[in-house]
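Engineer: Here it is: the structure, laid out below.
Coordinate-derived values only; no laboratory data. Nothing here was measured: the structure is a model prediction, and the numbers come from that model. All Cβ positions, even for glycine, are placed from backbone atoms using ideal geometry, and neighbour counts span all protein chains on display.
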Amino acid sequence: MPEFTRYAPPAGSFIRTAQLGKTRQWIEPFMAQIEPYLANARQQSNYMPLGVNVTVALPDHQELLIGNSLVDLLEPLAIAFQLPHLRYVAATKVHGDACSLCIGPVGISNEGPHRWRTARGRLSHVSVKAQREFGYQIASQIQPSRWGPGHLDLAIRTGIMRDWIVTWRPLVDALVTVLGRRREGARREFDVEDGRVVSLALHHDVDTMLGNTVEVDVRWRLVGHAHGPELDYAVKHAEPLRA
């Protein structure tokens, strides 16, 4: 599998905004607020790769590691932005009063895998079966980690016709062996504890020969320990891929 492209955070000034909502209703007023910046970004996106970096501020009384999934925040944002050459999307959540967002050009990152747990996998299509197979691939390379805050970094390579944004949620949900699933209270097979991801970075690379296949390079690191729920890291109904 060829090396994956990763990008550094975008250059530019940060836009401060009120606390971002939990539902899609907050998207419209937020988009109106940042429209001047977004118009400039769309123009830039015609000839250079762009990135988005968000800091999500949560009230002090909210639990940082449970709920408030960064994927759920970033997906509607990225779809609404409609940036043709969006190559990097990242978010960090902290306790605070104001969120911030930066949109700008991105360059290649030279950060290596030092201090990260790493794994690679591929999906021939996006389906429940493919998620299980992908989860099995990752489980064979990354050992489960105890409860605590973590950083997740996914480099995603797709074909030219594949919308990479819609792969985010299925890929994160498949990382049972990384994020864990509650032994009690999990509603479904891929009900992972992605709230414990306090920093998420997503990178996009295009290979015109891939077609519908999605290739992924996963990096994960635990950045603290905390008391939390008992987790199950088993990939259900997983079978090795046939050669």
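Engineer: Report the Rg/Rh value for segment 107-243, based on alpha-carbon coordinates and the Kirkwood definition of Rh. Let's see the in-between values first.
Structural biologist: Working: Rg = 14.7 Å, Rh = 15.4 Å.
With Rh from the inverse mean 1/r over Cα pairs, Rg/Rh is 0.96.
Engineer: What do the square roots of 5 times the Cα gyration tensor eigenvalues come to for segment 115-188, in whole Å, largest first, as semi-axes of the equivalent ellipsoid?
Structural biologist: On the way: eigenvalues 92, 47, 28 Å².
The equivalent ellipsoid of segment 115-188 has semi-axes of 21, 15, 12 Å.
Engineer: About the Cα centre of the chain, what is the dipole size in debye to 20, counting +1 per Lys and Arg Cβ and -1 per Asp and Glu Cβ, all else neutral? Mind showing how you got there, number by number?
Structural biologist: Values: 27 positive and 25 negative charges, 73 e Å.
With only Lys, Arg, Asp and Glu charged at Cβ, the dipole is about 360 debye.
Engineer: Okay, moving on. Could you please report the charge total around TYR88, scoring K, R as +1 and D, E as -1 over all other residues with beta-carbon less than 13 angstrom from its beta-carbon? List each step's numbers first, then the result.
Structural biologist: On the way: positive: ARG6, ARG87; negative: GLU111, ASP153, ASP205.
Its environment carries a net charge of -1.
Engineer: Quote the Stokes-Einstein diffusion coefficient, in whole µm² s⁻¹, for the chain, based on the Kirkwood radius over alpha carbon pairs, a temperature of 20 °C and a viscosity of 1.002 mPa s. It would help to have the intermediate numbers written out before the result.
Structural biologist: On the way: Rh = 18.5 Å.
D, rounded to a whole number, is 116 µm²/s.
Engineer: Ordered by residue, what ³J(HN,Hα) values in Hz, to whole numbers, does segment 223-236 give under the Karplus form 6.51 cos²θ - 1.76 cosθ + 1.60, where θ = phi - 60° and Gly and Pro are x?
Structural biologist: 10, x, 10, 7, 7, x, x, 6, 10, 10, 10, 6, 7, 6
Engineer: What is the packing order of peptides 48-60, 72-84, 189-201, taking the mean over residues of other C-beta atoms within 10 Å and listing the highest first? Spell out each step's value before the answer.
Structural biologist: Working: 48-60: 18.8, 72-84: 16.6, 189-201: 21.2.
Most protected by this proxy first, the peptides run 189-201, 48-60, 72-84.
Engineer: Okay, next question. What share of Cα pairs, in percent, lie more than 17 angstrom apart in segment 15-105? Present the calculation step by step, with values, prior to reporting the outcome.
Structural biologist: On the way: 1928 of 4095 pairs.
Here the long-distance tail beyond 17 Å is 47 percent of all Cα pairs in segment 15-105.
Engineer: If you average the C-alpha positions of segment 156-179 and of segment 92-136 separately, how far apart do those two centres end up, in angstrom?
Structural biologist: Measuring centre to centre over Cα atoms gives 9 Å.
Engineer: Residues with beta-carbon under 13 Å from that of THR118, excluding THR118: net charge, scoring Lys, Arg +1 and Asp, Glu -1?
Structural biologist: Details: positive: ARG6, ARG115, ARG117, ARG120, ARG219, ARG221; negative: GLU3, GLU111, ASP153, ASP217.
Neighbourhood net charge equals +2.
Engineer: Would you mind putting 119-131, 164-176 in packing order, based on average other-beta-carbon counts within 10 Å, highest first? Let's see the in-between values first.
Structural biologist: Numbers: 119-131: 16.4, 164-176: 21.5.
By packing density, highest mean first, the sequence is 164-176, 119-131.
Engineer: Helix-only estimate, please: 222 nm mean residue ellipticity of the chain, summing -39500 (n - 2.57) across DSSP H runs of length 4 or more and dividing by its residues, to the nearest 500.
Structural biologist: Dividing the helical sum by the residues of the chain leaves -6500 deg cm²/dmol.
Engineer: I need the helices of the chain that pass two filters: whole DSSP H segments spanning 15 Å or more by Cα along the axis, and mean Kyte-Doolittle score no lower than 0.0. Intermediate values should be presented prior to the final figure.
Structural biologist: On the way: long enough: 27-44 (23 Å, -0.39); 70-81 (17 Å, 1.81); 128-139 (16 Å, -0.46).
Both cut-offs are met by 70-81.
Engineer: Follow-up. Once you list every other residue whose beta carbon is under 10 Å from the beta carbon of ARG169, what net charge do they have if Lys and Arg are +1 and Asp and Glu are -1? Spell out each step's value before the answer.
Structural biologist: Numbers: positive: none; negative: ASP72, GLU75, ASP173, ASP194.
Taking every other residue near ARG169 into account, the sum is -4.
Engineer: Taking the Cα atoms of segment 49-187 alone, what are Rg (to one decimal) and Dmax (as a whole number) in Å?
Structural biologist: Rg then Dmax for segment 49-187, in Å: 16.0, 44.
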